[in-house]
1. Have a look at PHE38, TYR100, THR16 and report the one farthest towards the positive end of the charge dipole of segment 12-179, computed about the Cα centre with Cβ charges (Lys/Arg +1, Asp/Glu -1).
2. Treat each spin label as a single point 7 Å out from the Cα along the C-beta direction, and report the ASN167 to SER132 distance in nm.
3. Between segment 78-126 and segment 184-206, what is the C-alpha centre distance in whole Å?
4. Mind checking the dipole of segment 12-179: about its Cα centre, +1 per Lys or Arg Cβ, -1 per Asp or Glu Cβ, Debye to the nearest 20?
5. For segment 143-245, give the magnitude of the charge dipole about the Cα centre (Cβ charges: +1 Lys/Arg, -1 Asp/Glu; no others), in debye to the nearest 20.
6. What dipole magnitude, in Debye to the nearest 20, does segment 32-73 give about its Cα centre under +1 on Lys/Arg Cβ and -1 on Asp/Glu Cβ?
7. Take the Cα atoms of the chain, build their convex hull, and give its volume per residue in Å³.
8. Before rounding to the nearest 500, sum -39500 (n - 2.57) across all DSSP H runs of length at least 4 in the chain and divide by the residue total; then give [θ] at 222 nm in deg cm²/dmol.
Amino acid sequence: MVKIDKPNEIPNILQTKGKDETENLIKEYENGKIKFKFDDKIYRNEEIKKKLREIQFNKCCFCEQKIEFGHIEHYRPKRGYKQDQNEKQLTKPGYYWLAYDWDNLLLSCPTCNSSYKKNYFPLKDPSKRAMSYKDDITKEEPLIINPAKEDPEDYIEFYGTSIRAKNGNQKGKETIKRTGLDRPFINEDKLEYYRICKELYQSILDLDENNQKRIRMIKLLEQYSQEDKKYSLMIKCAIRDEFRY
């Protein structure tokens, strides 16, 4: 997971149809409704997906895998939420007023979205949860990293291919668990990717410091840690640790 630089420019469909639908949802809430229907043709619009693909370099917002068919991820779940993983049912309503909010939309792989994060949205202090459009969400302290608002490097890091919460912080732990950042398939793929970069690093060490080939190889290795590459945070940490793990 890496920081996503999300532009303030809001896709047109969210400013038009999205705004109208949000107003309708608020009216329904005022009339006592807690179960809502959402127009997925708005937040799944190709304009939105295209923009998110561009700013996320066609990577999942959580696991950093390259994605072919991405899901629109609502960071704050729109239908309902779960504070604890043992809860069998969703608490409703969810963050219905943010269903078409640009700040609440990300692009994720199907596995992170549907098999792990789902509607799980724990807060450090549940009593501060925003229960309606009238409440201030800035008072919340979510325990899942929002890569469009926070720098994941403040909470998670890699030792080799193993991901950990920095200093055992709660937010890092919850993010890793609830988005499946250490799931088996990803770990296998990361290991293969890590080995390739480690071999490149070891080849660099065998060359003289002034060798032009060494200079080119160093630049190539650094490119693997850039934000447009998959598992870029892992490789960034590996370079920092000189591939010792």
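1. PHE38
2. Simple spin-label model gives 4.0 nm for this pair.
3. If you average the Cα positions of each part, the centres end up 34 Å apart.
4. Once rounded to the nearest 20, the dipole reads 540 debye.
5. With only Lys, Arg, Asp and Glu charged at Cβ, the dipole is about 220 debye.
6. 200
7. Numbers: hull volume 33.2 nm³, N = 245.
Cα-based convex hull of the chain, divided per residue, equals 136 Å³.
8. Per the formula, -10000 deg cm²/dmol.
A short reminder: the numbers here are calculations on the coordinates, not readings from a lab. A quick note: this is a predicted structure, and the numbers were derived from the prediction, not measured. Cβ atoms come from the backbone with ideal geometry, glycine included; neighbour counts cover every protein chain shown.
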